[in-house]
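> Here it is, the structure, as structure tokens.
Rule-based calculations on the coordinates, nothing more; no lab input. Just so we're clear, the structure is a prediction, and the values are computed from it rather than from any experiment. Please note: Cβ atoms are built from the backbone with ideal geometry, for glycine as well, and neighbour counts cover all protein chains shown.
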Amino acid sequence: MLRDAYKAESKRDEWNVLGIDRQQLDDLLDHVEARLADAGCDHTLRHSRTWAESRSVAWSELEAGLLTGGAGCDCEVLSNVDPDERV
């Protein structure tokens with residue numbers, strides 16, 4: 001029980017760091033995936049930034065959350081930042 005409570009609290013903390021909700025994250029992931037399919041990864045977060053700016057999401061906060069979640073570039077956004085996918 002204590003372990004489950006710890007995991008639940010950790011998951012909430014990860015979502016708080018991102019500063020976006022589940023629907024926004026799904027939209028971000030779809031956006032980034034589509035852009036990467038067209039242009040590939042240039043080892044920046046430019047597609048994530050474009051998404052944030054087009055939806056009036058505070059980029060500095062999202063960028064910090066992405067970096068904390070292990071995403072230093074757009075391809076890492078797809079593989080590293082979904083709190084619900086972490087074990």
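> Please enumerate the residues belonging to the range 33-62 that are acidic (Asp, Glu) and part of a loop (DSSP other than H, G, I, E, B).
42, the sole residue that qualifies.
> Another question, then. Pick from 44, 68, 50: which is polar (S, T, N, Q), exposed (fewer than 14 other Cβ atoms within 10 Å of the Cβ) and more than 14 Å from residue 19 (Cβ to Cβ)?
44
> Looking at the range 21-39, which of its residues are free of Cβ contacts under 8 Å to residues at least 24 places away in the same chain and closer than 13 Å to residue 77 by Cα?
Correct list: 26, 30, 31, 34.
> For the range 63-87, what are the residues that are over 23 Å from residue 38 (Cα atoms) and assigned to a helix (DSSP H, G or I)?
64, 65, 67, 68, 83, 84, 85 - these are the residues of the range 63-87 that are over 23 Å from residue 38 (Cα atoms) and assigned to a helix (DSSP H, G or I).
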